[in-house]
Amino acid sequence: MTGGARRTTVLVPLHRAAPWRERVLDTVLQLLPVARVVLSDATEHDDTLDQLADRLTQHPDRAALELVGARPLDPGWVAHANDLQRSVVTEFCMWLPQDDVVGPDWVRAGERALDARSDAVLAVGALRLEGEGSTELLAPIDAYAAPAAVDRVRAALRRQFFTGPPGLGHAFRGVQRASARIPLPTVTVDGIDPALGWKADVLWALRLLSHGAFVPIDAVYRKTVHAASASHRWPGENLTPGFRARLVEQLDGLSDAERLALVTELWDEEAARLRRRVQVLESRDGSEPDGTTAG
């Protein structure tokens with residue numbers, strides 16, 4: 001596609017990226033023939049952006065590369081990602097964290113999948129977790145492609161509350177339809193510093209899912225797991241009242257009646273599960289459900 005129009009913009013927010021410089025360079029070299037790439041360092045704490053610019057200056061697809069340097073933004077990865085998303089002028093876009101790897105097949109498959117489903121807002125494939133001594137492959141969730149918003153959201157919330165990973169987090173890496181893009185939330189959850197961006201990707205994905213389908217693609221994204229990543233510093237997963245409230249706030253693609261019916265259904269199921277768990281524990285210690293002692 002050298003010299004042709006690109007339909008997708010890949011947004012790469014850099015921050016103290018020197019340890020990942022070669023990885024970023026290799027990934028950009030793979031993506032430039034098929035996508036517009038934006039390399040951005042809003043703080044420029046190191047010279048990574050300049051180093052990459054020097055090494056890419058003679059690339060035949062250099063016109064498809066944009067470099068964006070230091071500028072005043074709120075602290076944290078969420079503000080940086082939102083700032084980049086606002087600049088998109090192509091039909092599709094995606095975020096690519098500096099320590100991850102994706103190939104041109106991800107972009108091409110995402111474009112094809114979104115072309116095939118006019119109601120789809122995001123295309124996402126499998127996520128391979130690499131690092132810290134293990135490799136795990138998380139498949140996309142087919143239920144997120146359901147035509148009805150309430151069915152998609154029900155599946156996502158059930159996984160969040162009951163069945164566990166893979167959840168909504170890796171949708172952040174998907175190819176988005178730019179006309180349907182929404183910003184990552186910057187609200188404080190349970191008193192956690194908003195600069196950490198705790199669960200911002202989950203909350204964002206749930207809101208987007210309430211507006212359109214997430215279609216699966218046959219491509220793999222490689223996510224590096226390491227102690228310096230933003231998500232590694234997040235507090236553990238929980239469903240506190242604050243986080244629950246934020247989850248419900250994201251469902252603005254549903255009607256009030258749909259939202260109320262759905263959360264009531266989920267809360268009732270959760271309460272039933274907790275009652276059953278209590279009954280099991282009581283039976284193990286010899287107590288009857290009413291609190292009396294057996295025998």
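No lab work stands behind these numbers, since they all come straight from the coordinates. For clarity, every value in this text was computed on a predicted model and none was experimentally measured. Glycine also receives a Cβ, built like all others from the backbone with ideal geometry; neighbour counts cover every protein chain displayed.
If you add up the charges near Arg71, with Lys and Arg at +1 and Asp and Glu at -1, over every other residue whose beta carbon is less than 13 angstrom from its beta carbon, what do you get?
Its environment carries a net charge of -3.
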Worksheet, complete the sentence: Neighbours of Asp218 by Cβ distance under 14 Å: Lys/Arg at +1, Asp/Glu at -1, summed charge 0
Fill in: For the range 109-190, alpha-carbon Rg relative to the globular expectation (2.2 N^0.38 Å, N residues)
1.20
Worksheet, complete the sentence: With +1 on the Cβ of every Lys and Arg and -1 on the Cβ of every Asp and Glu, the dipole magnitude of the range 36-127 about its Cα centre, in debye rounded to the nearest 20, is 360 debye
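Quick check on packing: order 75-87, 31-43, 57-69, 244-256 by the mean number of other C-beta atoms within 10 Å, highest mean leading.
In descending order of packing, they fall as 31-43, 75-87, 244-256, 57-69.
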Item to complete: Return the distance in nm (one decimal) between the two label points of a simple spin-label model at Ala245 and Glu265, each offset 7 Å from Cα along Cα→Cβ.
Response: 2.6 nm
